[in-house]
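Notes follow the structure.
Throughout, read-outs are computed from the coordinates displayed, never taken from laboratory work. On a predicted model such as this, the values are computed, not experimentally measured, just so you know. Cβ placement follows ideal geometry from the backbone for every residue including glycine, while neighbour counts extend to all protein chains displayed.
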Amino acid sequence: MRNRNATRFRCRHVSPPLLAIALGLPLLADPVFGQGRILDRAIFFIKRGSEVVGREEFVLRTGRASGQGDGFTISARAYYPADRSTPIMVSTIQFGPDSLPTAARLDLDIEDRPSVFVSLELRRITVRTVTPSGESARQFPAVDRALLLDEFLISPYALLPSGGEGSLTTVDARSGDREVLDLVNLGMEVTTVQDASVSLQHLILGTGNSARHLWYDDLGRLIKVSIGSDLTATRSFNP
């Protein structure tokens, strides 16, 4: 479900560093950034069917990268294909104490090398995209319970919003597109992780062929994500 209730505007001569400072984000999005306690550190390999197409490394820490208030920070590097020497995306997502996203920065190594800044405020969501040729920004109405996602990232699922089951709104970090989905907890179920059968907590976000199946261990760590019929991301336990 695409949201069309957005305003769009363009301006120039606003540098990424100034935007980062305005949003309270570090000037360099880096998985080792920050002084907070590490809650989780992981590498995921992403498969489409039987083919490994990407990998993602992320760190989940206590505290916000900006140092502004309590909360959490997920810093990640995504590589597509998996053997790429430099990341196609470097991201930092900040969360409040309620595990709801408050701000994000995504730096992409694609055409025009855009940097995307997302601010989730009480009344609006702002998505700013900065390229060498200028800046564009769009604003959307705020949502009560958001999950900020991107097609390159698995790490946002490592910290689901508090409140348990019920509806939440996924927000595409780059486009601002939104979709209201139901989150259902099926409890402990058996699934396959690296050719082994393990019992994990199974949550489902959405329905039908596009549903996200999320699997967590008894420590609350994300272990596996399945999206649709052929995309699977699995935590690596190799030394």
key: Proportion of all alpha-carbon pairs of the range 38-158 beyond 26 Å (%)   = 23 percent
ask   = Once the Cβ-Cβ distance between Glu111 and Ser229 is put in as r, and R0 is 30 Å, what FRET efficiency do you end up with, to the nearest 0.05?
value = 0.50
request  = Can you bin the range 77-136 into rounded, prolate or oblate? Criterion: square roots of the alpha carbon gyration tensor eigenvalues sorted a ≥ b ≥ c, rounded for a/c under 1.5, prolate for a/b above b/c, oblate for the rest.
outcome  = oblate
request  = Starting at the first residue of the range 144-152, write each ³J(HN,Hα) from the Karplus equation 6.51 cos²θ - 1.76 cosθ + 1.60 with θ = phi - 60°, in whole Hz, x for Gly and Pro.
outcome  = 6, 9, 10, 10, 7, 10, 8, 4, 7
Gain upon complete extension [Gln194, Phe237; 0.36 nm per residue less C-alpha separation] = 14.6 nm
ask   = For the range 203-239 and the range 47-115, what is the separation of their Cα centres, given in Å?
value = 17 Å
query = Taking the Cα-to-Cβ direction at Val52 and at Glu179 and moving 7 Å from each Cα, how far apart do the two end points lie in nm?
reply = 2.8 nm
key: Under 5 Å, built H, 5+ apart or other chain: amide partners of Gly71   = Gly63, Arg64
query = When the C-alpha atoms of the range 129-181 are aligned to their principal axes, what extent does each axis show, in angstrom, from largest down?
reply = 43, 24, 14
note = Checked the range 184-239 against the a/c 1.5 cut and the a/b vs b/c comparison, axes a ≥ b ≥ c from its Cα gyration tensor; verdict oblate
Cα-based Rg of the range 122-239 normalised by 2.2 N^0.38 Å, two decimals = 1.20
ask   = By how many nm would the segment from Asp83 to Arg41 grow when fully extended, if each residue of separation counts as 0.36 nm and the alpha-carbon distance is taken off?
value = 13.2 nm
